[in-house]
Amino acid sequence: MKVTLLQIDIRWAQPEENIRCAEQLLSDAEESDLYVLPEMWSTGFATKPHGIAADEDANPALVWMKETAARRQCAFAGSLAVCLADCSFRNRHYFVDGRSGNVYYYDKHHLFTYGHEDEYYTAGQEHTVVTYGDFRFLLLTCYDLRFPCWSRYADTLEYDAIILVANWPESRQSAWQLLTRSRAIENQCYLVGCNRVGDDQHSHYAGCSVVVDAYGKALAQCHKNRVDSLTVNLDLAELQRRRSKFRVLEDRDLR
């Protein structure tokens, strides 16, 4: 399966401009089965969502994801700040399947308390695994990366790849490098990690979006501090061969 990461420079609270930037990067990228955008890619990491998060049903970025996925017959993943009908806010990671028309989502479980995200958003309590083609994708968002128990491969949480979308600052870049590889190694899976570049009022973001294999090897990585894209072919047969040969998952802790 061909997967393309779209590492964009997010303009603060300017969804139309961010959609335009995504479209430009998309037009220059390889044709793929799945395109992945960063966390809150249409607004920036809006920890105070009032006046920034759009109603879910009218969110222009979600509309764009649906329409573009349907037109290209592919899938898009990325998170958006949304306001639900009950007036609660969610950091919602969408997976839009343009081939079937299905839209799946995962609400970020580990809200970033250091940045006060928990004061305004409601945390999700359920995992989301999306089957697309022959692959099973676990959806995660940014801070979730730091909590291995939440993503632990289990009988009730089987998957082949993690899609991680993020606004991960350069000041914690070493953790990004280490933890993306750790989650892939310990769960014997691919990890597709899409980060942003640029600046907001709090942080500088260096990008370094990456695709990691089950041995922790970076198959490809976007350039640092630059709008960029990369395309990688995920090989399910190779992943299954590695899992069969080196049976780490059979020795995992069950509780």
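Using the Kirkwood formula over every pair of different C-alpha atoms, what hydrodynamic radius in Å results for the chain? The Cα-based Kirkwood calculation yields 18.0 Å. Projecting the Cα atoms of Gln177, Gly98, Pro60 onto the charge dipole of the chain (Cβ charges, centred on the Cα centre) puts Gln177 farthest toward the positive pole. Computed from label points 7 Å out along Cα-Cβ, the spacing between Ala123 and Ala58 is 3.2 nm. Which whole-angstrom value gives the distance between the alpha carbon centres of region 220-242 and region 6-74? What the calculation gives is 20 Å, centre to centre. With a Cα cut-off of under 21 Å and a minimum spacing of 8 residues unless on different chains, the lysine pairs in the chain number 5.
Residues in region 1-111 average 39 Å² of solvent-accessible surface per residue, probe 1.4 Å, ligands and nucleic acids excluded. Of the Cα atoms belonging to region 20-61, the radius of gyration and Dmax stand at 12.7, 36 Å.
Pairs of alpha carbons in region 61-194 separated by more than 18 Å make up 56% of all such pairs. When the helices of the chain are scored as -39500 (n - 2.57) per DSSP H run of n ≥ 4 and the total is divided over every residue, the value at 222 nm lands at -6500 deg cm²/dmol.
Antiparallel beta bridges, as assigned by DSSP with both residues in the chain, represent about 65 percent of the total such bridges.
Here the extension length gained between Asp86 and Ala175 equals 28.5 nm, from 0.36 nm per residue of separation less the Cα-Cα distance. Of Arg172, Arg136, Arg99, the residue with the greatest mean-square motion in the GNM of the chain, using alpha carbon springs below 10 Å, is Arg172.
Pairs of C-alpha atoms in region 158-228 farther apart than 21 Å represent 22 percent of all such pairs.
Atom-type composition of the exposed protein surface of region 115-255 places 48 percent of the accessible area on carbon and sulfur (1.4 angstrom probe).
Entry for region 1-134 at q = 0.10, 0.11, 0.18, 0.22 Å⁻¹: log10 I(q)/I(0) = -0.30, -0.37, -0.99, -1.41, Debye formula applied to identical alpha-carbon scatterers, no solvent contribution. In this rough spin-label picture, where each label sits 7 Å from Cα along the Cβ direction, the Leu219-Gln201 distance is 3.9 nm. Region 115-255: percent of C-alpha pairs farther apart than 21 Å? Counting pairs separated by more than 21 Å, the tail of P(r) holds 44 percent.
The values are calculated or read from the model by the stated rules, or taken from the named source; none is laboratory data. Here the structure is a predicted model, which is why all the values come from computation and not from measurement. Note: ideal-geometry Cβ built from the backbone for every residue, glycine included; neighbour counts use all protein chains shown. Note: accessible area is taken over every heavy atom of the protein model, side chains too, but ligands, DNA and RNA are not part of it. Shrake-Rupley method; radii C 1.70, N 1.55, O 1.52, S 1.80 Å.
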